[in-house]
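Inspection log for the structure reproduced underneath, given as structure tokens.
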Amino acid sequence: MAERAPKKSGLLAMFGMRSGKEPKEPGTRKQKRLSKKGSRSDMLGKLDSAATRTDANRQDSGSFTSERSDPTRDDLTLPTYDDVMGLAPRALRDNPYAAVNVLMDSNNASLQQGSQSAEYHRNSEGRPQYAMPLYPSQSSGSRSIPQFQDAKTLPYSPSKPQPSKLSKTYRAPSAPARTDDILDKDTGERKDLTEMMHAFTYIDGVDTIEEQREDETPLYDPLRPDGTATLGSASPEVWLRVADFLSPLEVANLSSTCRTMYTRLGRHSYKLLLNPAHRPQRLDFLLALEPKMPRHLFCFPCAQWHLRIQPGMESLKPHNVLNPLFDCPNRTNIHIPPPRIRISEGRTLPLAFLQLARRSWAYGPEYGVPQQSLARRWKDTDSDWRHESTYHITDKGHVLMRIRSQHYVEGGLTDAAKRLLLFSRGDYTPYFSVCSHWKHGLLTSIPKCALTHIPYTTEADTNAIDKFQGRNLGKRAVGKVSLCSICRPMRRCPKCPTEYLFELKLVEDKRVRGNGVGRFKQALVVTRWSDLGPARSPADAEWSAISGENEGYDSFKEIGRRAVSGVFEAAFTDTVPGQRILSMNPEAVSANEESGDWY
């Protein structure tokens, strides 16, 4: 009996390599017959004979190999490509890993999981199986199923799918090319109609944009020598003489550049900023420190930074409620009030809240509050006017405001009734939101003209039949009311960036029970759009113009052709007010309490 070869182990055994020449053990083993007779064909016998060849180089490994350690039996060899070609799937069910598409029957239907495991278990008794498929799979989802790279070489490849019975309307296109493409009869190229239309409107001098590259040189060059010694070579007297030719803001910026300049100039820059005559320069110098003050808020009456006492929890409240945002010694001083504007009767908008909203948008939520937190809905305490405020910050950093006021109205109002409807009894200002220039021009005459278009009938004009129908069936509801060319267009104030729109709408009054005619009423809706500026200081051009402190502001020149209402509404919806914009004061008249048609 031949001596048994030692078992290989280590790195050479992992890759199936020999360390030296080993004598092969002569002799073959008998084939083990299957218990089920008549299930093999002639080709299967050929496959079994090829599978019983000895191979001393191969070692059993993996979960699909036999666990027997009989040294007398040899390993099986892989079948060749010629052995596999032409075999039907039904003949390969006894050797599932010896050919291609073994999990598919003759009808290309997948076998059940239970039958597959049963066939494999029955066929793996006493015969080792291979742990890896013979051929690479087509996709990662079917790695355990051996397949050919080219499906056309299979003699039992699946048949082509049946043609779709759907109509051409619901059938997906088979190719990316469209049938309605226009081809050039000379060159055969596909024409692009969109490119042709753009070519008609192309202007070389206007549409050509020259890209300008920004200078990418750093502000600080570490290779350059330090200039501290050069700055310190001059005496303090020389630098004080140089400071006499600079403005207070420039002296303060020069003093804050480095420690050397601070020692040379001393407190001269701060003495200049503390001078009341240089208050604008002091504000500009302190407001430049805003990115470094997340927990502080600038106080304009004091002209200094104050620590916020409720950071992130600031809430906008009516003007008669004391709502301090920081500890300020002048918070109750009526002689130097904080900057604010009027938005309706009994409501004001402080500049501090616009600062918080703009800081949160520019630097982060720890610097202020979101702009959505400023929106409010309220009802006037002395009338039935209802108001709604909304805010938006543009890409340029300007804060836009929209105030919408509404009141139920009826037709046939007298002049005195119109005044009671529009003006408050306290200071004779309009209940709805207005700017400081509301007395100049046609602003208060436009709603009076709109109220005259509501149809109504008097008792003298009503006959007996109409009285009987109105007493038993109720009054007829008034539908949509058309306005004239005077009260329909949108009006823009020429002295500030503010636009007004007056409308008559049929709205639902939810206070009325039932679904009768009285539930739907006519309402006068007044909408105001204002550009409040960058909310940096009260000296901003837009803010000072709305508050009435900037008399040289021209809204038609500054705003241009793009309306404030269009920019605001485009940020929320796809529709903008479809009305033309006219001047609120076309004749440039100035009215006061003694003259004018405002009342």
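The values are calculated or read from the model by the stated rules, or taken from the named source; none is laboratory data. These numbers come from a predicted model, not from an experiment. Quick reminder, even Gly has a Cβ in these numbers, built from the backbone with ideal geometry, and neighbours come from all protein chains shown. Just so you know, the surface numbers come from the protein's heavy atoms only, side chains and all, with ligands and any DNA or RNA stripped out. Shrake-Rupley method; radii C 1.70, N 1.55, O 1.52, S 1.80 Å.
A few remarks follow.
- Lone qualifier among P538, P534 - being over 31 Å from the mean Cα position of the chain (by Cα), assigned to a loop (DSSP other than H, G, I, E, B), outside the structural domain of D284 (by the TED database) and at pLDDT 90 or above: P538
- Scanning segment 168-188 for residues that are surrounded by fewer than 10 Cβ atoms within 10 Å (Cβ to Cβ) and either at pLDDT 75 or above or among the charged types (D, E, K, R) (or both) gives K168, R178, D180, D184, K185, D186, T187.
- Meets criteria (touching a residue at least 12 places away in the same chain (Cβ under 8 Å) and assigned to a loop (DSSP other than H, G, I, E, B)) for A523: no
- Positions within segment 567-594 being within 20 Å of the chain's Cα centre (by Cα) and either within 28 Å of T429 (Cα to Cα) or outside any loop (DSSP other than H, G, I, E, B) (or both), in sequence order: V567, F568, E569, A570
- Scope segment 482-498; condition assigned to a loop (DSSP other than H, G, I, E, B) and touching a helix residue (DSSP H, G or I) at 6+ places or on another chain (Cβ under 8 Å); matching residues: L483, C484, I486, C487, C493, P494, K495, C496, P497
- Among (1) more than 23 Å from T390 (Cβ to Cβ); (2) in contact with a Lys or Arg (Cβ under 9 Å, 6 or more places away or on another chain); (3) open to solvent by 30 Å² or more (accessible area, probe 1.4 Å); (4) without any contact (Cβ under 8 Å) to a residue 60 or more places away in the chain, the one test that C487 misses: (3)
- Selection count, segment 499-520, where residues are over 20 Å from C449 (Cβ atoms) and either open to solvent by 80 Å² or more (accessible area, probe 1.4 Å) or in a strand (DSSP E or B) (or both): 7
- From A375, A362, residue being among the hydrophobic types (A, V, I, L, M, F, W, C) and in contact with a Ser or Thr (Cβ under 9 Å, 6 or more places away or on another chain): A375
- Strands (runs of 3 or more DSSP E) completely within segment 371-424 that count 3 or more residues being charged (D, E, K, R): 376-379
- Residue check for Q310: of a type outside the set (G, A, S) and in contact with a strand residue (DSSP E or B) (Cβ under 8 Å, 6 or more places away or on another chain): no
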